[in-house]
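Colleague: Structure below; questions to follow.
The values are calculated or read from the model by the stated rules, or taken from the named source; none is laboratory data. Keep in mind it's a predicted model, so treat the numbers as computed, not measured. Methodologically, a virtual Cβ is constructed for each residue, glycine included, from the backbone with ideal geometry; neighbour enumeration extends over all protein chains shown. Each accessible area value is taken on the protein alone, full model and side chains, heavy atoms only, with ligands, DNA and RNA left out. Shrake-Rupley method; radii C 1.70, N 1.55, O 1.52, S 1.80 Å.
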Amino acid sequence: MNQTMQRMKPFLWTTDVLFLAYWAITLLKAIGAVDIPPEYLYSHYEDPAIVAWNWSFFPLDLVFSVCGLMALRRYRRGHPSWMMYAAVSLCLTFCAGLMAISFWTIRGEFDPSWWIPNFIITVWPLYFLPKLFKLPAS
């Protein structure tokens, strides 16, 4: 059993499931199916440019979440392609976090409820990526 994947599994699963849940809730909010208090939403959530910025992450977040879950599934089935899916997921997760932090930094806004999760998804992939690339290919 691969120690890197064993340690990485809870990070992948948690991040990917939470992002899929976030986008499901965001979609329900967008179509008016749920009402979420403004204090639980990101800063300037009513600004169309900020809403568009947030939705611009949807494809990226969807791809890294699907790749992460595919990595877990392939690993469980003993298929060596799990490493490729994990690598893509980790790289895109890092990019999503870094992009969000960069955006709010440029705007000069600091909200720990958004910064902390984005900082976490920026940092944890950096721990596992070097370990992943040191694994034997088969």
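Colleague: Could you list all residues from segment 58-84 that are open to solvent by 50 Å² or more (accessible area, probe 1.4 Å), within 15 Å of Thr4 (Cβ to Cβ) and touching a helix residue (DSSP H, G or I) at 6+ places or on another chain (Cβ under 7 Å)?
Modeller: If the condition is that a residue be open to solvent by 50 Å² or more (accessible area, probe 1.4 Å), within 15 Å of Thr4 (Cβ to Cβ) and touching a helix residue (DSSP H, G or I) at 6+ places or on another chain (Cβ under 7 Å), then Arg74 is the only one that fits.
Colleague: Answer with yes or no whether Ile121 is in contact with a Gly (Cβ under 7 Å, 6 or more places away or on another chain) and either farther than 13 Å from Asp16 by Cα or open to solvent by less than 60 Å² (accessible area, probe 1.4 Å) (or both).
Modeller: In short, yes.
Colleague: Would a scan of segment 65-82 turn up a residue that is in contact (Cβ under 8 Å) with a residue 40 or more places away in the chain, over 17 Å from the mean Cα position of the chain (by Cα) and more than 20 Å from Pro125 (Cα to Cα)?
Modeller: Looking through segment 65-82, none of the residues is in contact (Cβ under 8 Å) with a residue 40 or more places away in the chain, over 17 Å from the mean Cα position of the chain (by Cα) and more than 20 Å from Pro125 (Cα to Cα).
Colleague: Kindly indicate whether Ser102 is out of contact with any strand residue (DSSP E or B) (no Cβ under 6 Å at 6 or more places or on another chain), modelled with pLDDT of 95 or more and either surrounded by 19 or more Cβ atoms within 10 Å (Cβ to Cβ) or within 14 Å of Trp13 (Cα to Cα) (or both).
Modeller: For Ser102, the condition - out of contact with any strand residue (DSSP E or B) (no Cβ under 6 Å at 6 or more places or on another chain), modelled with pLDDT of 95 or more and either surrounded by 19 or more Cβ atoms within 10 Å (Cβ to Cβ) or within 14 Å of Trp13 (Cα to Cα) (or both) - is not met.
Colleague: Here is a further query. Would you check which residues across segment 37-54 are at pLDDT 90 or above and within 21 Å of Ser65 (Cβ to Cβ) and list them?
Modeller: Those that are at pLDDT 90 or above and within 21 Å of Ser65 (Cβ to Cβ): Val51, Ala52, Trp53, Asn54.
Colleague: Name every residue in segment 1-57 that is open to solvent by 70 Å² or more (accessible area, probe 1.4 Å), under 11 Å from the mean Cα position of the chain (by Cα) and aromatic (Phe, Trp, Tyr), in order of residue number.
Modeller: Within segment 1-57, Phe11, Trp13 meet the criteria.
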